[in-house]
Amino acid sequence: MVLPPTDTVGVAVVEAALTEARRVGVESTLVATIVADSGIGLHADLASPPEPTPGHVWPAGDAAESVPVGWVVGVAHQLAETRTTRRSRGAFYTPFEVADGLVGLVVDRTGPPVPLRVCDPTCGAGWFLLCAAERLLARGVPVRQIGPSLIGYDIDPVAILAARLSLALWLAAHDGEPGSPVLHVHDALHGAEPPSLGGGCDVVVGNPPFLGQLRRRSARTGAQRNSLLSTRGYADAAYVALERSIDWVGDGGRIALIQPQSVLAARDGEAVRSRIDNEARLIGLWVGDETIFDASVQVCAPVLEKRPSPGPLHGRLTTYRGATVEISGAVDFASWPELLADIQGVPEVVGFAVVGTHNRSAETLSAIAAPTADFRDWFYWVASRVCEAGADAEPGSCIPVFTSGLIDPLAPLWGLRPARIGGKRLETPCIPVSVVAAEPQATRRLVPKILIANQTRCIEAVVDFEGSWLPNTPVITVAPIDPADVWRAAAVILAPVSTVAAHRAAAGSAMSSGAVRLTAKMIGRLPLPTASADAWNEAAALIEVASRSEPDVTLVRSHLVEAGRLMLSAYGLAHRQDVLEWWTERLPPVARR
Ligand SMILES: C[S@@+](CC[C@H](N)C(=O)[O-])C[C@H]1O[C@@H](n2cnc3c(N)ncnc32)[C@H](O)[C@@H]1O
């Protein structure tokens, strides 16, 4: 590929390399040779390198001192590209401390200093490889062995040029062989294993592109989809890179690849999680947040060891947090959603879980009530008949329709907030009584029940004690077998530990991070309290008072919190103030009327 000398990105990269060469006392001919060898026609115009301009290609302040030689070439690459170009390739480079910290987790091992072969499959300007070079040097690996053990691929020729330049500068500055790293333009996600990988490596580390497949701009082509072996067609490109890494490291090899946190629980991540379960062992987990990249995604990096079969399965793993990749604790691996719940700070309640995951013998909510979810046909029935109640509607002439958005804990928001149903925005969504009366599947729903919003940070439910509301899909309906049990069932659903159990069973299942997607099955499997029937009844009584005095929002909230406290006693967990605090913090702000 030949870029015109006017290619601003390429020019910026070469300018930065020439300036860096001068700073560290390396001949500028090295840069010229690498550019000439790359086939990118830029070198002729760059005989006299410009002076470094702080804030342009130089990291600000002391940062220039702490980063490895050559780092600045990647800075130039990053700054010269437009945001649109970077987004289309998922090209967001990794801050030095994060890259260096993750490299440390896979490269710094005890034992003699051997030249581990380190590969970054989507290396950009080679920042992870620079960190690996420094760490291998610090471990005592001779420089002449470091160069050939650095392997990187990228689909962007200018990124590969930047990687060649930055690693060559580092090696030249350390008396190594500048041309020795293995750096090639290659599609690491969809292409075959490159021969230059030499049959495998010891470490894969990096930050692959995050390319969600639901956006057209980043979706893969049909041919690319066909080339994926096991990952589903809609899996994020980052998951695919993780699968490739498992293919590329040898037994005992380590992997630390940055991923969206969704890899721990999303449905499309199932394929890669099962590969990890079968072929690797999770030995650590780094947790970042959305501030680390300017891409507003919550990130993590599972640290994996490829296990020879049969090897030990996941056990206890160390967690690391933040930009400095510091140890934050250790957790026992129980399941992927629980792992995500752990790192999201969901409390652990030993012995309490949605039945079917841990405590199969406990009696569950389904013993006193029937949770159901409606299907599409009900949604279409509602959507084609729903209308505004109108200011002059006769009381009782319309049946209110509830969407998830109209449900806060014990606070029905019908008439207070608009709802969107079948593309229509309605202030007071309802269906005329005469229409409902003619439809058996609607009249059968007019019974005392609890309505639950389906995707929330904490379980949000309202009690329709008169049986005069209709749910709209995907609201979950819980109808007590004995109508008098509606309050006790509501107390179980709204108990703080039920929200804990939902998160531990289904963390990562909702669209927004920190929320869960509830299912009728999960609600039916919530355990009933066995430690104190009195506390359960008291909580139920408070929920009844709150529901009947609904416009008094302050009273409703204080009764809800008190009922939550009583339900902890009902479950024998009165000492778990932390659970109460965690749950209270998740309650939505009181909606004022
Ligand atoms: C998030 S950036 C990370 C770069 C580098 N690892 C870092 O963090 O400094 C992702 C890189 O992946 C590259 N890339 C995107 N799709 C690729 C593919 N199919 N194969 C190889 N590289 C790819 C992009 O060009 C970009 O340089």
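Using a simple spin-label model with points 7 Å from Cα along the Cα→Cβ vector, what separation in nm is obtained for D289 and E348?
2.3 nm
So, with +1 on the Cβ of K and R and -1 on the Cβ of D and E, and no other charges, what is the size of the charge dipole of the chain about its Cα centre, to the nearest 20 debye? Mind showing how you got there, number by number?
Values: 51 positive and 62 negative charges, 239 e Å.
Magnitude of the dipole: close to 1140 debye.
Considering the convex hull of the alpha carbon atoms of the range 400-514, report its projected area averaged over all viewing directions, in nm², one decimal. Walk me through the numbers on the way to the answer.
Details: hull surface 31.0 nm².
Over all viewing directions, the range 400-514 projects a mean Cα-hull area of 7.8 nm².
Using alpha carbons only, what's the Rg to Rh ratio of the range 526-593 with Rh from Kirkwood? Provide the component values of the computation, followed by the final result.
Working: Rg = 12.4 Å, Rh = 12.5 Å.
A ratio of 1.00.
If you put +1 on each Lys and Arg Cβ and -1 on each Asp and Glu Cβ, how big is the dipole of the range 447-533 around its Cα centre, in Debye rounded to 20? Let's see the in-between values first.
Working: 7 positive and 5 negative charges, 82 e Å.
Roughly 400 debye, rounded to the nearest 20.
If I take every Cα pair under 8 Å that is 6 or more residues apart in the chain, average their sequence separation and divide by the length, what percent do I get for the relative contact order?
Values: 1194 pairs, mean separation 56.7, N = 593.
Relative contact order, the chain: 10 percent.
Local charge sum around N537 (other residues, Cβ-Cβ under 13 Å, Lys/Arg +1, Asp/Glu -1)?
Details: positive: R488; negative: D485, D534, E538, E544.
It works out to a net charge of -3.
Determine the dipole magnitude for the range 89-209: charges of +1 sit on the beta-carbon of Lys and Arg, -1 on that of Asp and Glu, nothing else is charged, the reference point is the Cα centre, and the result goes in debye to the nearest 20.
Working: 7 positive and 12 negative charges, 36 e Å.
Dipole magnitude for the range 89-209 comes out near 180 debye.
Considering amide H positions built from the backbone, and no H for Pro or chain starts, which residues 5 or more places from D7, or on another chain, come under 5 Å of its amide H?
So D7 has HN proximity to no qualifying residue.
For the ranges 157-167, 85-95, what's the packing order if you count other beta-carbon atoms within 10 Å of each residue, average per peptide, and put the highest first?
Numbers: 157-167: 27.9, 85-95: 17.6.
Taking the mean over residues of other Cβ atoms within 10 Å, the ranking is 157-167, 85-95.
Where Lys and Arg each count +1 and Asp and Glu each count -1, what net charge lies around A173 among other residues with Cβ under 13 Å from its Cβ?
That sum, taken over residues with Cβ under 13 Å, equals -3.
Quick check of the Kirkwood formula: for the chain, what is the inverse mean of 1/r over all pairs of different Cα atoms, in Å?
On the way: mean 1/r = 0.0370 Å⁻¹.
Its Kirkwood hydrodynamic radius stands at 27.0 Å.
From the residues A520, L587, L566, which one has its Cα farthest along the dipole of the range 487-592 in the positive direction, the dipole being from +1 and -1 charges on Cβ of Lys/Arg and Asp/Glu about the Cα centre?
A520
Using a cut-off of 15 Å between beta-carbons, work out the net charge of the residues near G140 (Lys and Arg +1, Asp and Glu -1, G140 not included).
Details: positive: R109, R135, R139, R144; negative: D108, E134.
Spelling it out: positives minus negatives among the neighbours equals +2.
Relative to the compact globular guide of 2.2 N^0.38 Å, what is the alpha carbon radius of gyration of the range 96-198, as a ratio?
Here the answer is 1.01, to two decimals.
Apply the Karplus curve 6.51 cos²θ - 1.76 cosθ + 1.60, θ = phi - 60°, to the phi angles in the range 412-418 and return the couplings in whole Hz, x for Gly and Pro.
x, 9, 4, x, 9, 10, x
Roughly what would the spin-label model give for M511 and V545, points 7 Å off Cα along C-beta, in nm?
3.8 nm
Can you show me the helix-derived [θ] at 222 nm for the chain, built from DSSP H runs with n ≥ 4 at -39,500 (n - 2.57) apiece and divided by the number of residues, rounded to the nearest 500. Working shown, then result.
Values: 22 runs with 217 residues, N = 593.
Helix contribution divided over all residues of the chain: -10500 deg cm²/dmol.
Read-outs throughout are calculated quantities, based only on the coordinates presented, and are distinct from any laboratory measurement. Because the structure is predicted, anything quoted here is derived from the model rather than measured. So basically every Cβ, Gly included, is an ideal-geometry build from the backbone, and we count neighbours across all protein chains shown.
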